[in-house]
Amino acid sequence: NYVYEKNLFSGMGEHLFGPGEPMTRAMLVTVLYQMAGAPAQELSAASGVTLYDVPESAWYAPYVKWGVAQGVAAGTGDGGFAPESPVTREQVVVMLRSFASNYLGQSVSGGADLSVYQDLNKVSDWALEAMAWAVSQGVVSGSLTNEVLTLNPQYSANRAEVAAMLRSFDEKIS
């Protein structure tokens, strides 16, 4: 309800919200654009961004280009973006940290001690600082299963999980 009422998410069709459906990278950047206040003038400034897998005709093209131009999102390192790929939990926190720092101009220093998480070794090097920051800010938390605490950084985040992270981010950071 929070993300729907804030106009951050829309449904996936008439009468279908799809909370268990995977969140894609394109969907997440579009949501961040909405969180930024949907600044139309910034869309035109980002039109020169080129990514080989983001066709001009795609619904998400202007938002992906905006995210890259603003330093909120990065490509896949090969000139692409993988817009329709499911976003992982670690990718979500990296984009949220980049949004806070690069777009909102906020300090993103500090972070939680992640050594208590049994799957710490599965957090990518490029996501480690962002994950520690997100945990310290309460944007993301671990899962406790059979007395084992994990972050599940490589898991695809569904729309409900991303909605919960966005609510925490919006209430605590932005």
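Rule-based calculations on the coordinates, nothing more; no lab input. Keep in mind the model is a prediction, meaning the values are calculated, not measured. All Cβ positions, glycine included, derive from the backbone under ideal geometry; neighbour counts span all protein chains shown.
For helix 25-35, report the angle its Cα long axis makes with the longest principal axis of the Cα atoms of the chain; keep it between 0 and 90° and round to the nearest 10°. That works out to roughly 80 degrees.
Ordering V139, V123, L149 by Cα displacement along the dipole of region 102-174 toward the positive end leaves V139 in first place; charges were set at the Cβ atoms of Lys, Arg (+1) and Asp, Glu (-1).
Peptides 94-100, 158-164 ranked from most to least packed give 94-100, 158-164, packing being the mean of other C-beta atoms within 10 angstrom over each peptide's residues.
Where (1) 1.01; (2) 0.93; (3) 0.96 are the candidate values, the label of the one calculated here for Rg/Rh (Cα atoms, Kirkwood Rh) is (3).
The HN-Hα couplings worked out from phi for region 125-131 by the Karplus form 6.51 cos²θ - 1.76 cosθ + 1.60 (θ = phi - 60°) are 3, 5, 10, 4, 4, 5, 5 Hz, whole numbers, x standing for Gly and Pro.
For T24, the residues 5 or more places off, or on other chains, whose built amide H falls under 5 Å of its own are V87.
If the chain linking N158 and V116 were pulled fully straight, counting 0.36 nm for each residue of separation and taking away their Cα-Cα distance, it would gain 12.7 nm. Using Cβ point charges alone (K and R +1, D and E -1), the dipole size of the chain about the Cα centre works out to roughly 240 debye. The angle between the Cα long axis of helix 159-172 and the longest principal axis of the Cα atoms of the chain comes to about 80 degrees, rounded to the nearest 10.
Only lysines eight or more places from K6 in sequence, or on another chain, were considered; those with a Cα closer than 16 Å are K172. Counting only alpha carbon atoms, the long axis of helix 89-98 and the longest principal axis of the chain meet at about 60°.
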